[in-house]
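Where a number appears in this text, it was derived from the coordinates with a stated rule and is not lab data. If you're wondering where the values come from, they're calculated on a predicted model, not measured in any experiment. Here Cβ is always computed from backbone atoms with ideal geometry, including for glycine, and neighbour counts include all displayed protein chains.
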Ligand code: BDR
Ligand code: CA
């Protein structure tokens, strides 16, 4: 679709919906998104995950407004994971305040947004966006899959309408970061992830799934964020990055306390970037940029008293099921980090004269 980009030129724009739970690495993803000139952000969906839904919606609005994009709609997601909402699994959801801080923004104190969340729910926003951009929309999920699963209920043809879905989540044959074998986003709402994996099995392009065994290699360091800060000249973007650096300081401290060193694993921005790069060139050899991938039939364990929420890939084909996901197995982290650094340093295009 050819549209005018913020720079004024006619460009083919990529329609994108980001479903996120900011969250510090989600905030990096939002920042990366603000720097893209050929993307039409159709909407931001907020899901509960790192902090409750009302707070992730507020955080998304604040990060966007601070970047000068208070015009973008933020759609509030479901308040509870599916099984908590329908009473089939009674435990209240866990939130990640030790990882992302009580407000989900680490040490950053963001200005209160002047805008409010949209009246259109996140699930409806998925459906509206897919119908408005049939076979063009790129959907990226960097939080739990709750909203996308609910959207599938509203519009069972969603997998045929969306061009491709990119999901950050899972730990396949790998130790978890939440329970011994589970990853945070999937663990938060296992039923939603299971429904999305099975629902999108009929999609033209299989969902791309970025699990932690791949994304943990992408580490932000104090040196790198300081280089990004010093390399940017626009005052508004510099201010945005200063807030991000304060958020990251908390993330560094968490990772240090968790035994990883004074750094921060950035899971979310890679999955967004992979989606955008793929959308720009779906036919490229090598498939997903900066990555080695493998196709597999995948599912989520919903019962196990020790393993509920574990993602399982049937590498040996024992289920006799066709692959329903393309799993990221390895990321060329240095190459991607270099790209992330130069992108964030460049920043969005602002027209301060307007
Ligand atoms: C995922 O969990 C969240 O804490 C992060 O934002 C990321 O989406 C990593 O397991
Ligand atoms: Ca996230």
Query raised in the report: Kirkwood-based Rg over Rh for segment 234-280 (C-alpha set), two decimals?
Result: 1.12
Query raised in the report: Among 20, 284, 35, what is the fewest-to-most ranking by other Cβ atoms within 10 Å?
Result: 284, 35, 20
Query raised in the report: Looking only at 297, 283, 132, which one moves most when the chain is put into a Gaussian network model with springs between Cα atoms under 10 Å?
Result: 283
**Report entry** Max mean-square fluctuation residue, GNM over the chain, Cα-Cα springs under 10 Å, options 154, 66, 344
**Finding:** 154
Query raised in the report: How long is the gain from residue 281 to residue 88 if the chain were fully straight, where each residue apart is worth 0.36 nm and the alpha carbon distance is subtracted?
Result: 65.2 nm
Report summary line: Residues 120, 218 in order from fewest to most other beta-carbon atoms within 10 Å are 120, 218
Query raised in the report: Within segment 8-353, what percent of beta bridges assigned by DSSP are antiparallel, to the nearest 5?
Result: 30 percent
Report summary line: Taking 168, 13, 220 and counting other beta carbon atoms within 10 angstrom, the fewest-first order is 13, 220, 168
Query - Residue with peak Gaussian network fluctuation, the chain [Cα springs, cutoff 10 Å], from 270, 174, 251 - result: 174
Query raised in the report: Using the alpha-carbon centroid of each, what span in Å lies between segment 175-245 and segment 25-76?
Result: 14 Å
Report summary line: With the label point 7 Å along the Cα-to-beta-carbon line of residue 115 and a cut-off under 19 Å to each amide N, the hits in segment 60-83 are 60-78
Query raised in the report: Is the shape of the chain rounded, prolate or oblate, going by the alpha carbon gyration tensor and its root eigenvalues a ≥ b ≥ c, with a/c under 1.5 for rounded and a/b larger than b/c for prolate?
Result: rounded
